[in-house]
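What follows is a set of notes on a single structure, which appears directly below.
The values are calculated or read from the model by the stated rules, or taken from the named source; none is laboratory data. Remember, it's a predicted structure, so these values are computed and weren't measured experimentally. All Cβ positions, even for glycine, are placed from backbone atoms using ideal geometry, and neighbour counts span all protein chains on display.
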């Protein structure tokens, strides 16, 4: 919608109030701090950082400012937003308020010409793009440089992503200000975030300039009542949930650290008559959307979610957030618990903490910001072999694929590499690794683990602790949390429920999902399908490696190398009988080993006797290659397995379904390659079974 020309006789405050009432009606009023932020960003060449809690209304700042700037004949506002779903919500919200807005995404390429004309004509006040979009020269040439009056304002939404101190760091955010200034030198800049501790604010100030105006509001939300509860055993936490959720009004979110745990919690609650579907990044997008709508419409009690349910999800009347495990940091905790109680008088935030929290936190701490030596390793591969795809790079550097992608984004943000037609090239610019910064960030991650653990143990006000860690100058005792006013919820944990939950936990058998494509770079630059008649079937693991009881028995058996305890044999036979794998296996074989030749074979033979099936040693390991656990990406793991196994054609394979047994499963490439070899040699369908799933297979 085009905006009427501003009346020069009115000041910014009066014009802003008029714009607000035009949008929301004659009784609309700004919340404390909103008008101050609008006035600050309307000043020429201003740079403003607004740090306000979730639900405060940061978007209204740039909606109103965009309208007022357009009325002054300024160019449109460019909003850099990190998520497609968030962009969709912002476009819908802006349009509902009479602000002309559009998002430029890969999904609406056919609308780009119309969007460009809308920006030039003044029909559109606001354009939303991802930070990655700014890295493309075509976007700058065809959009930014075509605007007759340039950009009126640059908005960096979720600005903590600019800082590599933040867990949500997106390397392409680094180039946001730089690229925009190539188009217009004195553009106004507004950065908004709901969470920024002292480290993030300092980094933003360094990147945006010392003249950055910082406007902070209190992070306390009067509706939130916080409590932390230590329940070491997963069974006790499950029993607590089944007792607590019926006592809570409304609907909410149960945050878990892993996909696997979302399924375990969801299954348990469903058995208890509580509808709480799992939600994680492994679900198809349409299914995630369907489950979000269930929660938005109060058609389920809760979603059991990983961090995949994060930015972009907004339910103002969310009544509770429960953490099944301790989150990675106080920042993560505040972002997640802050989704509750935005528009209702009271909401609960309950943090459960258990014995496995430290191991999980350590795992995630190791998957964060890539150290300088990783970036150097990737750069050296590109220098020696220009024009490689990401899969081809992975074949030459022993790093996880997501770590390689992080390194490439960082190197590209530093203009050390370029990307053309799907391949990576070294630029002519010199690049020096910042070892000190990498070490500082690694140390910061460890400090964050200590901070969130301290939150679970503090005797002081929980909200004050959070505010202090997030550099909130207004942090003070809230008078509402469990430490200030007594337990938020008095929930009995019934022994019968604990016993039932223990049985549930004992039966938490991870699913082994078949690979359906060979990794990119193995034979061709792109992924290639695995023929259906060479794929393995869906399988099971008995437990998660290292977890109490069974997981520790597997770890101890591998350590000794002389055999697995009979308790594992009994549990495995019981699982397979209850599982009834389809198609039903008629014989058993195992993944062979040169280092411990009798360990898995002996177990597989005993399992065959227990199940009344034939055993045949159908596979042979003919090369002493590195252990899979030391190889960190799909291409190396798959190549390693291909180079070391073969089907023993001197033995007679049965052309019927076979159970393929291994001790642990992680990447699934050993099982995938062995299954393909068995099928090629004439076996029937291959059903994988492992004693334990490595910790990485159960993560988000």
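Observations on the model:
- Qualifying residue in region 424-438 (condition: touching a residue at least 12 places away in the same chain (Cβ under 8 Å), surrounded by 20 or more Cβ atoms within 10 Å (Cβ to Cβ) and outside any strand (DSSP E or B)): no
- Of the residues making up region 523-548, just one is modelled with pLDDT under 85, under 17 Å from residue 260 (Cβ atoms) and more than 26 Å from the chain's Cα centre (by Cα), namely 548.
- Selection from region 553-568 of residues that are closer than 15 Å to residue 609 by Cα and within 36 Å of the chain's Cα centre (by Cα): 568
- Sole residue being closer than 30 Å to residue 195 by Cβ and either modelled with pLDDT under 85 or in contact with a helix residue (DSSP H, G or I) (Cβ under 8 Å, 6 or more places away or on another chain) (or both), chosen from 505, 488: 488
- The single condition from (1) within 25 Å of residue 456 (Cα to Cα); (2) at pLDDT below 95 that residue 287 fails is (1).
- Residues in region 180-200 that are modelled with pLDDT under 85 and either in contact with a strand residue (DSSP E or B) (Cβ under 7 Å, 6 or more places away or on another chain) or buried (at least 21 other Cβ atoms within 10 Å of the Cβ) (or both): 180, 187, 194, 195, 196, 197, 200.
- Test for residue 442: is it under 25 Å from the mean Cα position of the chain (by Cα), outside the structural domain of residue 409 (by TED's automatic domain parsing), closer than 30 Å to residue 485 by Cβ and part of a helix (DSSP H, G or I): no
- Scanning region 657-672 turns up no residue that is more than 18 Å from residue 511 (Cα to Cα), crowded, with 18+ Cβ neighbours inside 10 Å and either in contact with a helix residue (DSSP H, G or I) (Cβ under 8 Å, 6 or more places away or on another chain) or at pLDDT below 95 (or both).
- The set of residues in region 292-307 that are in a helix (DSSP H, G or I) and crowded, with 21+ Cβ neighbours inside 10 Å contains only 295.
- Filtered residue count, region 248-285, keeping only those that are without any contact (Cβ under 8 Å) to a residue 60 or more places away in the chain and not in a loop (DSSP other than H, G, I, E, B): 9
Quick grid of which residues meet (1) in contact with a strand residue (DSSP E or B) (Cβ under 7 Å, 6 or more places away or on another chain); (2) assigned to a loop (DSSP other than H, G, I, E, B); (3) surrounded by fewer than 18 Cβ atoms within 10 Å (Cβ to Cβ):
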{"residue": "345", "(1), (2), (3)": "no, yes, yes"}
{"residue": "351", "(1), (2), (3)": "yes, no, no"}
{"residue": "392", "(1), (2), (3)": "no, no, no"}
{"residue": "408", "(1), (2), (3)": "yes, no, no"}
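- Subset of region 513-525 [on the phi < 0 side of the Ramachandran plot and in contact (Cβ under 8 Å) with a residue 60 or more places away in the chain]: 513, 514, 515, 518, 519, 520, 522, 525
- When residue 32 is tested against (1) out of contact with any strand residue (DSSP E or B) (no Cβ under 9 Å at 6 or more places or on another chain); (2) farther than 17 Å from residue 188 by Cβ; (3) in contact (Cβ under 8 Å) with a residue 40 or more places away in the chain; (4) surrounded by 15 or more Cβ atoms within 10 Å (Cβ to Cβ), just one condition goes unmet, and that condition is (4).
- Residues that are surrounded by 20 or more Cβ atoms within 10 Å (Cβ to Cβ) and outside any loop (DSSP other than H, G, I, E, B) occur at least once in region 217-224.
- Sole exception among (1) modelled with pLDDT of 90 or more; (2) crowded, with 19+ Cβ neighbours inside 10 Å for residue 398, by number: (2)
- A search for C-beta distances below 6 Å between a residue of region 335-352 that is touching a residue at least 24 places away in the same chain (Cβ under 8 Å) and any residue that is in a helix (DSSP H, G or I), counting only pairs 6+ apart in sequence or on different chains, returns 349/337; 352/237.
- Selection status of residue 271, more than 30 Å from residue 36 (Cβ to Cβ), in contact with a helix residue (DSSP H, G or I) (Cβ under 9 Å, 6 or more places away or on another chain) and not assigned by TED's automatic domain parsing to the domain that holds residue 39: yes
- Any chance residue 682 is modelled with pLDDT of 95 or more and out of contact with any helix residue (DSSP H, G or I) (no Cβ under 9 Å at 6 or more places or on another chain): no
- Number of positions in region 318-341 that are at pLDDT below 95 and more than 15 Å from the chain's Cα centre (by Cα): 9
- In region 76-106, the residues that are surrounded by fewer than 16 Cβ atoms within 10 Å (Cβ to Cβ), within 23 Å of residue 147 (Cβ to Cβ) and within 27 Å of the chain's Cα centre (by Cα): 106
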